[in-house]
(Lines give C-alpha, C1' and ligand atoms only; values in the text may rest on other atoms or scores of the structure.)
Protein backbone atom coordinates (compact mmCIF):
# COMPACT_ATOMS: atom_id res chain seq x y z
CA UNK A 1 0.00 0.00 0.00
CA UNK A 2 1.34 3.43 -1.00
CA UNK A 3 1.73 5.49 2.12
CA UNK A 4 3.62 7.98 4.23
CA UNK A 5 4.36 6.76 7.74
CA UNK A 6 5.34 8.80 10.76
CA UNK A 7 6.59 7.69 14.15
CA UNK A 8 5.78 8.22 16.87
CA UNK A 9 2.13 9.24 16.51
CA UNK A 10 2.06 10.76 19.98
CA UNK A 11 4.93 12.04 22.10
CA UNK A 12 5.12 13.86 25.42
CA UNK A 13 8.57 15.08 26.35
CA UNK A 14 10.33 17.69 28.46
CA UNK A 15 12.14 20.87 27.51
CA UNK A 16 15.63 20.29 26.19
CA UNK A 17 15.43 16.56 25.58
CA UNK A 18 16.46 15.87 21.98
CA UNK A 19 13.96 13.97 19.87
CA UNK A 20 13.51 12.71 16.33
CA UNK A 21 10.27 12.19 14.45
CA UNK A 22 10.70 9.77 11.59
CA UNK A 23 8.99 9.99 8.21
CA UNK A 24 9.13 7.36 5.51
CA UNK A 25 7.43 7.01 2.11
CA UNK A 26 7.29 3.96 -0.15
CA UNK A 27 6.29 5.73 -3.38
CA UNK A 28 9.76 6.70 -4.64
CA UNK A 29 8.84 10.36 -4.28
CA UNK A 30 11.50 13.00 -4.76
CA UNK A 31 9.85 15.82 -2.83
CA UNK A 32 9.28 15.62 0.93
CA UNK A 33 8.22 18.24 3.41
CA UNK A 34 7.45 18.83 7.08
CA UNK A 35 4.60 20.99 8.38
CA UNK A 36 3.29 21.98 11.75
CA UNK A 37 -0.40 22.65 12.34
CA UNK A 38 -1.53 24.96 15.12
CA UNK A 39 -5.08 26.14 15.92
CA UNK A 40 -5.89 29.33 14.05
CA UNK A 41 -2.60 29.28 12.13
CA UNK A 42 -3.20 26.46 9.69
CA UNK A 43 -0.37 24.42 8.20
CA UNK A 44 3.05 26.03 8.08
CA UNK A 45 5.99 24.56 6.21
CA UNK A 46 9.07 23.86 8.35
CA UNK A 47 11.55 22.32 5.90
CA UNK A 48 11.36 20.68 2.52
CA UNK A 49 13.59 18.53 0.37
CA UNK A 50 13.53 18.32 -3.39
CA UNK A 51 15.84 15.31 -3.53
CA UNK A 52 18.48 13.36 -1.62
CA UNK A 53 20.94 15.67 0.14
CA UNK A 54 18.91 18.75 -0.93
CA UNK A 55 16.98 20.49 1.84
CA UNK A 56 15.75 24.03 2.34
CA UNK A 57 13.94 26.14 4.90
CA UNK A 58 10.23 26.78 4.87
CA UNK A 59 8.30 29.37 6.85
CA UNK A 60 9.19 28.27 10.40
CA UNK A 61 12.55 26.42 10.45
CA UNK A 62 13.87 27.80 13.77
CA UNK A 63 14.50 25.05 16.32
CA UNK A 64 14.30 22.22 13.78
CA UNK A 65 16.75 20.22 11.71
CA UNK A 66 16.21 17.74 8.91
CA UNK A 67 18.28 15.38 6.83
CA UNK A 68 17.68 13.52 3.57
CA UNK A 69 20.30 10.81 3.30
CA UNK A 70 17.98 8.39 1.51
CA UNK A 71 15.12 9.07 -0.84
CA UNK A 72 12.48 7.38 1.30
CA UNK A 73 13.30 8.92 4.72
CA UNK A 74 13.07 12.50 5.95
CA UNK A 75 13.45 12.71 9.74
CA UNK A 76 12.64 15.85 11.72
CA UNK A 77 15.02 16.56 14.58
CA UNK A 78 14.38 18.82 17.55
CA UNK A 79 17.75 19.29 19.23
CA UNK A 80 16.41 21.14 22.26
CA UNK A 81 12.62 21.16 22.26
CA UNK A 82 10.75 24.02 23.89
CA UNK A 83 7.06 24.36 24.85
CA UNK A 84 6.36 26.56 21.81
CA UNK A 85 7.10 23.53 19.64
CA UNK A 86 4.08 21.76 21.05
CA UNK A 87 2.07 21.11 17.90
CA UNK A 88 0.69 18.61 15.41
CA UNK A 89 3.33 17.70 12.84
CA UNK A 90 2.75 16.32 9.35
CA UNK A 91 5.17 14.87 6.86
CA UNK A 92 4.21 14.92 3.18
CA UNK A 93 5.68 13.66 -0.05
CA UNK A 94 5.07 13.95 -3.78
CA UNK A 95 6.73 12.68 -6.92
CA UNK A 96 7.64 16.19 -7.89
CA UNK A 97 6.72 19.75 -6.94
CA UNK A 98 3.24 21.19 -6.86
CA UNK A 99 0.95 20.88 -8.80
CA UNK A 100 1.68 17.25 -8.09
CA UNK A 101 -0.39 15.60 -5.35
CA UNK A 102 1.02 15.90 -1.85
CA UNK A 103 0.48 12.73 0.21
CA UNK A 104 0.36 13.38 3.93
CA UNK A 105 1.27 11.13 6.81
CA UNK A 106 -1.13 10.57 9.73
CA UNK A 107 0.49 13.21 11.93
CA UNK A 108 2.54 13.29 15.14
CA UNK A 109 1.10 15.08 18.14
CA UNK A 110 3.99 16.47 20.18
CA UNK A 111 3.70 17.98 23.64
CA UNK A 112 6.76 19.64 25.20
CA UNK A 113 6.43 20.27 28.93
CA UNK B 1 1.16 37.84 7.40
CA UNK B 2 -0.80 35.04 5.76
CA UNK B 3 -0.16 34.69 2.04
CA UNK B 4 -3.46 32.87 1.48
CA UNK B 5 -6.56 34.17 3.26
CA UNK B 6 -9.46 31.79 3.60
CA UNK B 7 -13.01 32.78 4.46
CA UNK B 8 -15.09 32.04 6.30
CA UNK B 9 -13.06 30.47 9.08
CA UNK B 10 -16.08 28.52 10.38
CA UNK B 11 -19.24 27.44 8.58
CA UNK B 12 -22.14 25.55 10.16
CA UNK B 13 -25.03 24.66 7.90
CA UNK B 14 -27.93 22.24 7.50
CA UNK B 15 -27.88 19.29 5.15
CA UNK B 16 -29.03 20.29 1.68
CA UNK B 17 -27.77 23.87 1.78
CA UNK B 18 -25.23 25.29 -0.66
CA UNK B 19 -22.02 26.99 0.41
CA UNK B 20 -18.94 28.71 -0.95
CA UNK B 21 -15.48 28.92 0.58
CA UNK B 22 -13.00 31.51 -0.63
CA UNK B 23 -9.21 31.56 -0.87
CA UNK B 24 -7.67 34.95 -1.67
CA UNK B 25 -4.21 36.43 -2.03
CA UNK B 26 -2.47 39.53 -3.28
CA UNK B 27 0.13 37.26 -4.90
CA UNK B 28 -0.07 35.40 -8.18
CA UNK B 29 0.02 31.64 -7.87
CA UNK B 30 1.24 29.18 -10.48
CA UNK B 31 -1.29 26.67 -9.14
CA UNK B 32 -3.69 26.22 -6.27
CA UNK B 33 -4.78 23.09 -4.51
CA UNK B 34 -7.72 22.28 -2.25
CA UNK B 35 -7.42 19.68 0.50
CA UNK B 36 -9.87 18.25 3.00
CA UNK B 37 -8.75 17.14 6.44
CA UNK B 38 -10.72 15.04 8.89
CA UNK B 39 -9.97 14.81 12.63
CA UNK B 40 -6.93 12.68 13.41
CA UNK B 41 -5.81 12.45 9.79
CA UNK B 42 -3.59 14.25 7.33
CA UNK B 43 -5.03 16.44 4.56
CA UNK B 44 -6.18 14.69 1.39
CA UNK B 45 -6.02 16.38 -1.99
CA UNK B 46 -9.36 17.21 -3.63
CA UNK B 47 -8.24 19.12 -6.71
CA UNK B 48 -5.45 21.13 -8.34
CA UNK B 49 -6.19 24.12 -10.56
CA UNK B 50 -3.49 25.44 -12.83
CA UNK B 51 -4.97 27.71 -15.49
CA UNK B 52 -6.50 31.13 -14.76
CA UNK B 53 -10.29 30.93 -15.07
CA UNK B 54 -10.25 27.15 -14.79
CA UNK B 55 -13.32 25.43 -13.37
CA UNK B 56 -13.21 21.84 -12.13
CA UNK B 57 -16.07 19.74 -10.83
CA UNK B 58 -15.87 16.82 -8.44
CA UNK B 59 -19.41 15.48 -7.96
CA UNK B 60 -21.14 18.19 -5.86
CA UNK B 61 -17.96 20.24 -5.45
CA UNK B 62 -17.03 22.98 -7.94
CA UNK B 63 -13.62 24.62 -7.84
CA UNK B 64 -12.69 27.82 -9.65
CA UNK B 65 -9.33 29.53 -10.17
CA UNK B 66 -9.52 33.28 -10.65
CA UNK B 67 -8.60 34.79 -14.00
CA UNK B 68 -5.68 36.63 -12.40
CA UNK B 69 -4.57 33.48 -10.52
CA UNK B 70 -4.79 35.28 -7.18
CA UNK B 71 -7.91 33.62 -5.81
CA UNK B 72 -9.93 30.46 -5.82
CA UNK B 73 -13.31 29.29 -4.60
CA UNK B 74 -14.88 26.01 -3.58
CA UNK B 75 -18.64 25.67 -3.97
CA UNK B 76 -20.53 22.74 -2.50
CA UNK B 77 -24.06 22.03 -3.72
CA UNK B 78 -26.57 20.29 -1.45
CA UNK B 79 -24.09 19.72 1.38
CA UNK B 80 -24.19 16.42 3.24
CA UNK B 81 -22.93 15.47 6.72
CA UNK B 82 -20.11 13.55 5.03
CA UNK B 83 -18.77 16.88 3.72
CA UNK B 84 -17.90 17.91 7.28
CA UNK B 85 -14.20 18.64 7.67
CA UNK B 86 -11.45 21.23 7.46
CA UNK B 87 -10.98 22.60 3.94
CA UNK B 88 -7.55 23.98 3.13
CA UNK B 89 -6.27 25.82 0.09
CA UNK B 90 -2.58 25.67 -0.76
CA UNK B 91 -0.46 27.19 -3.47
CA UNK B 92 2.92 27.89 -4.90
CA UNK B 93 3.62 31.61 -5.10
CA UNK B 94 5.16 32.40 -8.46
CA UNK B 95 7.55 34.83 -6.78
CA UNK B 96 8.74 32.43 -4.10
CA UNK B 97 11.58 29.97 -3.94
CA UNK B 98 10.85 26.73 -5.76
CA UNK B 99 9.50 24.16 -3.34
CA UNK B 100 7.77 26.54 -0.94
CA UNK B 101 4.14 25.61 -0.47
CA UNK B 102 1.77 27.95 1.36
CA UNK B 103 -1.46 26.95 3.08
CA UNK B 104 -4.44 29.02 4.12
CA UNK B 105 -5.67 28.74 7.70
CA UNK B 106 -8.59 26.60 6.65
CA UNK B 107 -12.38 26.64 6.76
CA UNK B 108 -13.99 24.33 9.30
CA UNK B 109 -17.25 23.11 7.77
CA UNK B 110 -19.92 21.35 9.81
CA UNK B 111 -23.00 19.99 8.06
CA UNK B 112 -25.87 19.01 10.37
CA UNK B 113 -28.37 16.28 9.42
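The values are calculated or read from the model by the stated rules, or taken from the named source; none is laboratory data. As the structure is a prediction and not an experimental result, all values here were calculated from the model. Here the Cβ is made from the backbone with ideal geometry for all residues, glycine too, and neighbour counts use every protein chain on show.
Numbers for the structure displayed
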quantity	calculated
Test: residue B:111 is within 10 Å of chain A (Cβ to nearest Cβ), surrounded by 15 or more Cβ atoms within 10 Å (Cβ to Cβ), more than 12 Å from the chain's Cα centre (by Cα) and in a strand (DSSP E or B)	no
Elements of type strands (runs of 3 or more DSSP E) in the stretch A:19-61, at least 2 residues being within 11 Å of chain B (Cβ to nearest Cβ), in contact with a strand residue (DSSP E or B) (Cβ under 6 Å, 6 or more places away or on another chain) and within 18 Å of residue A:9 (Cβ to Cβ)	A:31-38
Considering residues of the stretch B:27-46 that are within 10 Å of chain A (Cβ to nearest Cβ) and assigned to a loop (DSSP other than H, G, I, E, B) only, the residue modelled with the lowest pLDDT	B:40
Any hit, the stretch B:5-13, residues being under 24 Å from residue A:103 (Cβ atoms) and either assigned to a strand (DSSP E or B) or touching a helix residue (DSSP H, G or I) at 6+ places or on another chain (Cβ under 6 Å) (or both)	yes
Scan of the stretch A:62-72 for residues that are touching a strand residue (DSSP E or B) at 6+ places or on another chain (Cβ under 6 Å) and either closer than 18 Å to residue B:99 by Cβ or within 14 Å of chain B (Cβ to nearest Cβ) (or both), ordered by number	A:64, A:65, A:66, A:68
Filtered residues of the stretch A:23-39 (kept if surrounded by 16 or more Cβ atoms within 10 Å (Cβ to Cβ) and more than 11 Å from residue A:103 (Cα to Cα))	A:23, A:24, A:30, A:34, A:35, A:36, A:37
Among (1) within 11 Å of another protein chain (Cβ to nearest Cβ); (2) within 22 Å of residue B:40 (Cβ to Cβ), the one test that residue A:85 misses	(1)
Check on residue B:88, in contact with a strand residue (DSSP E or B) (Cβ under 6 Å, 6 or more places away or on another chain), part of a strand (DSSP E or B) and within 12 Å of chain A (Cβ to nearest Cβ)	yes
Residue count for the stretch A:87-113, restricted to those that are in contact with a helix residue (DSSP H, G or I) (Cβ under 8 Å, 6 or more places away or on another chain) and surrounded by fewer than 17 Cβ atoms within 10 Å (Cβ to Cβ)	1
